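Shown next, in structure tokens, is the structure this report addresses.
The values are calculated or read from the model by the stated rules, or taken from the named source; none is laboratory data. On a predicted model such as this, the values are computed, not experimentally measured, just so you know. Cβ coordinates were reconstructed from backbone atoms using ideal geometry, including for glycine residues, and neighbour counts include every protein chain displayed.
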Amino acid sequence: MKKNNGFSVLMNGIIKENPVFVLILGTCPTLATTTNVFGAFGMGISTLIVLICSNILISLLRKVIPDNVRIPCYIVIIAGFVTIVQMVVHAFFPALYDMLGVYLALIVVNCIILGRAEMFASKNSVGRSALDGLGMGIGFTLALCSIAVIREVLGAASFAGIAIPFLADYKIDFLVKAPGGMVVYGLLIALVSALTFGKSPKKKEFSCAGCPGAKLCGSAACHGEKHEEKEEK
């Protein structure tokens, strides 16, 4: 099985390179739309659709778009798909449209979408770009929903707007506020990091060996290191 097959590309966005918990991208909509599970799910699906569509089109046009104007072109493509999604949500899901407010339009400047366009879609085939958009979109949606479940259930004693009576006397109002969102977000990042990576990766040992400017460097550290190497030999 090839290391970079389609399944690997799909799973990267969900687990290994989750945009919210691993890459720490899209923090603004993550904190703003996770006070309600319904709103978090709506934002996640909207972003997923824009990710897939923009990745596909940018991959198709990657050899046509001039390199010096690629970023403006990517933004125009993304903005076009965001406008379509915004109009559809406004027409068929007015409650969700009102709930998301300006954050629905701000998907245009979501660094997850522009980042995948620049780092992946512009360098890979249509199929792989579509899978990357799907994986990143699913990962983003799952992350938003997991944060929203904790914040809404424990902070508002409800789930997707449906009240949970037996939790009404025990709700923690702090969780539905911005500081509470940051706390939940940080704790989930730590949990995902522990589950995904286990022990902390070993720190790289830095030295002057292999440095192109080592011969020209006049620092005492470099000379001391070279002296120690000679003594060891």
Answer yes or no as to whether G44 is closer than 14 Å to M136 by Cβ and in a helix (DSSP H, G or I). yes
Any residue that is among the β-branched types (V, I, T), at pLDDT 95 or above, farther than 13 Å from E118 by Cα and under 19 Å from the mean Cα position of the chain (by Cα) - is there at least one of those in region 52-74? yes
Pairs with Cβ under 7 Å, 6+ apart, first in region 67-90 and farther than 16 Å from A121 by Cα, second among the hydroxyl-bearing types (S, T, Y): V85/S46; V89/S46; V89/Y97; H90/Y97
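Please go through region 2-36 and pick out each residue that is of a type in the set (G, A, S) and surrounded by fewer than 21 Cβ atoms within 10 Å (Cβ to Cβ).
Here is the first cut: in region 2-36, the ones of a type in the set (G, A, S) are 6, 8, 13, 26, 32.
The answer is G6, S8, A32.
Residues being of a type in the set (S, T, Y) and either touching a residue at least 60 places away in the same chain (Cβ under 8 Å) or farther than 16 Å from G44 by Cα (or both): count how many of those fall in region 138-155.
Residues flagged as of a type in the set (S, T, Y) and either touching a residue at least 60 places away in the same chain (Cβ under 8 Å) or farther than 16 Å from G44 by Cα (or both) within region 138-155 amount to 1.
Considering region 163-195 alone, what residues qualify as being outside any helix (DSSP H, G or I) and either within 19 Å of G39 (Cα to Cα) or among the aromatic types (F, W, Y) (or both)? Spell out how you get there, then give the answer.
Of all residues in region 163-195, those outside any helix (DSSP H, G or I) come to 163-164, 168-172, 177.
Result: A163, I164, Y170, K177.
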Among residues of region 52-105 being part of a loop (DSSP other than H, G, I, E, B) and among the basic types (K, R), the residue nearest to C28 (Cα to Cα) is R62
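Applying the selection to region 143-162, what residues are more than 11 Å from the chain's Cα centre (by Cα) and assigned to a helix (DSSP H, G or I)?
C145, S146, I147, A148, V149, I150, R151, E152, V153, L154, G155, A156
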Any chance V108 is at pLDDT 95 or above, surrounded by fewer than 20 Cβ atoms within 10 Å (Cβ to Cβ) and in a helix (DSSP H, G or I): no
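For (1) of a type outside the set (A, V, I, L, M); (2) in a loop (DSSP other than H, G, I, E, B); (3) in contact (Cβ under 8 Å) with a residue 24 or more places away in the chain, each residue gets a yes or a no:
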position	(1), (2), (3)
M11	no, no, yes
I15	no, no, yes
V22	no, yes, yes
C28	yes, no, yes
T35	yes, yes, yes
G39	yes, no, yes
